[in-house]
Amino acid sequence: MNKKNFNPKKLFEDFKTKNEGKIKEYANSPQKLKTLANNAEEKARENSKSLSNALDQIKLLVEFLKAWKNNEYRDVSKQTIVWIIVALLYFVSPLDAYPDFLPLGYVDDIALLGYVYKSIKDDLDKFKAWKYGNNNEFVTKE
């Protein structure tokens, strides 16, 4: 991918379109959602140095998805859940716009995560308020 053409919105839309069937499968399968959340957590943990700026975003998206999957937090549109699934599927995919094994291989993942985070920020803020109340400190739960 050429730096001049790098556009997180386009990256998101292209990935979403290309993986529409897979996204639906995940959205309708609690087991697949659990696997996705676990894979994202593991990959974030294993690559924490490369992802330092995006770690909190990844953790929050995973926590949100887990709470939704477990029917703990449902005050959210299906579209927001799809956005989270797309972001985490992209993140766990090793072969994306910039393969993760290359130097700076996470630049596309971080850009797409940032785009999703900004796009669903209101829902993420509501989730944080629900989960942590007035204490907005983010702590992951196993």
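The numbers here are math on the coordinates, done by the rules we state, and not lab data. Quantities reported herein were computed from a predicted structural model and do not represent experimental measurements. Because the Cβ atoms are built from the backbone with ideal geometry, glycine has one as well, and the counts that use them run over all protein chains shown.
So the values come out like this:
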quantity: Debye log10 I(q)/I(0) for the stretch 7-131, one point scatterer per Cα, at q = 0.12, 0.21 Å⁻¹; calculated: -0.39, -1.30
quantity: Full-extension gain in nm, Y132 to D56, via 0.36 nm per residue minus C-alpha separation; calculated: 25.9 nm
quantity: Residues of type lysines that K24 reaches as a straight line, Cα spacing below 21 Å, ignoring anything fewer than 8 places off in the same chain; calculated: K9, K10, K16, K32, K34, K66, K69, K78
quantity: Estimated FRET transfer efficiency when R0 is 25 angstrom, pair K24-E72 (beta carbons, to 0.05); calculated: 0.65
